[in-house]
Amino acid sequence: MVAEDLIRCSWVNLNNPTYIHYHDEEWGIPVYDDQLLGEILVLELLHSGLSWECVLMKREALRQALDGFEMEAIARYDEAKLDQLMGNPRLIRHRKKLEAIVTNARVFQQLQQEWGSFAAYLWHWTDGCILKEQGLTQSPLSVALRKDLKARGMKYLGSITLYAYLQAVGLISSHDQACFKS
């Protein structure tokens, strides 16, 4: 079967090769690398109120502007850097979201120090297991994770955004039943 003939999740825009690649090669695959976990966390924060396709199409511009999504670099951003980002027309220019990305990068680093890695912190919520769920937009897990991250100071990450994050990084497997990835 050629890639074009594969049945994918219903949310995939089959006219967008970038979106197809994301679905086929990234979404829902378990991630244990802090660099990628941080990147997807930034992207999901930006996703709030926008289509995922919009965010995905700006990913490379964001990668360039946000120092390769390096949390250590982002945590050092100051007002001048935020002003620079706000002036970049290739980005999602939402001041509160950009400020939250900086704040969250600092909390991300604190979690790395506390747990040895952000991955260790994240995966402890499922005891290292992948949950299979379909048709949900949030769950007791995403609600509990939101509460904990909020208490630690993270911003702009509600339980729905975090559920999408958990799906994206593979803690929750949510491919449609008919999808070839299911």
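The values are calculated or read from the model by the stated rules, or taken from the named source; none is laboratory data. Please read these numbers as outputs of a predicted model, since none were measured by experiment. So basically every Cβ, Gly included, is an ideal-geometry build from the backbone, and we count neighbours across all protein chains shown. These accessible areas exclude ligands, DNA and RNA; they are computed on the full protein's heavy atoms, side chains included. Shrake-Rupley method; radii C 1.70, N 1.55, O 1.52, S 1.80 Å.
Give the accessible surface of the stretch 29-71 per residue, rounded to a whole number of Å², with probe radius 1.4 Å and ligands, DNA and RNA excluded. Could the numbers behind the result be given before it?
Details: 1680 Å² over 43 residues.
With all protein chains present, the stretch 29-71 gives 39 Å² per residue.
Where in the stretch 57-93 are there GluC sites (Glu not before Pro) that are in a DSSP coil and have at most 16 other Cβ atoms within 10 angstrom of their Cβ? List each step's numbers first, then the result.
Numbers: sites: Glu60, Glu70, Glu72, Glu79; in loops: Glu70.
When the GluC sites (Glu not before Pro) of the stretch 57-93 are filtered for loop state and at most 16 Cβ neighbours within 10 Å, Glu70 remain.
Mind listing the long-range amide H neighbours of Ser173? Cut-off is under 5 Å, sequence gap 5 or more, other chains count too, H placed in the peptide plane at 1.01 Å from N.
Leu131, Lys132, Glu133
Dividing the convex hull volume of the alpha carbon atoms of the stretch 64-182 by its residue count, what do you get in Å³ per residue?
Details: hull volume 15.3 nm³, N = 119.
With only Cα atoms used, the stretch 64-182 gives 128 Å³ per residue.
May I ask you to give the percent of accessible area on the stretch 77-123 that is carbon plus sulfur, with a probe radius of 1.4 Å? Please list the in-between numbers first.
On the way: 1100 of 2310 Å².
About 48 percent, which is the carbon plus sulfur part of the accessible surface.
Count neighbours as other Cβ atoms within 10 Å of each site's Cβ, and list the trypsin sites (Lys or Arg not before Pro) in the stretch 26-63 that are DSSP loop with at most 14 such neighbours.
On the way: sites: Lys58, Arg59, Arg63; in loops: Lys58.
Filter output for the stretch 26-63: empty list.
Starting from the stretch 83-176, pick out the trypsin sites (Lys or Arg not before Pro) whose DSSP state is loop and whose Cβ has at most 15 other Cβ atoms within 10 Å.
Arg90, Arg93
Lys96: which aspartates and glutamates have alpha carbons under 14 Å from its alpha carbon, excluding same-chain residues fewer than 8 sequence positions away?
Answer for Lys96, where 14 Å is the Cα cut-off: Asp78, Glu79, Asp83, listed by chain and number.
Could you size up the charge dipole of the chain around its Cα centre, putting +1 on the beta carbon of Lys and Arg and -1 on that of Asp and Glu, and report it in debye to the nearest 20?
It comes to approximately 720 debye.
Taking the Kirkwood radius as the inverse of the mean 1/r across Cα pairs, report the Rg/Rh of the stretch 18-121. Walk me through the numbers on the way to the answer.
Numbers: Rg = 13.6 Å, Rh = 14.2 Å.
So for the stretch 18-121, dividing Rg by the Kirkwood Rh gives 0.96.
For the stretch 42-56, what does the Karplus curve 6.51 cos²θ - 1.76 cosθ + 1.60, with θ = phi - 60°, yield as ³J(HN,Hα) per residue in whole Hz, taken in order and with x for Gly and Pro?
Couplings: 4, 5, 5, 4, 5, 5, 3, x, 10, 6, 4, 4, 4, 5, 4 Hz.
Which of the lysines could a cross-linker span from Lys132 if the Cα-Cα distance has to be under 16 Å and same-chain partners fewer than 8 positions apart are dropped?
In chain and number order, the partners are Lys181.
Spelling out what I want: for every residue of the stretch 83-97, take phi, set θ = phi - 60°, compute 6.51 cos²θ - 1.76 cosθ + 1.60 (Karplus), and round to whole Hz; glycine and proline get x.
Ordered by residue, 3J(HN,Hα) equals 4, 4, 5, 5, x, 8, x, 7, 9, 7, 9, 10, 4, 5, 5 Hz.
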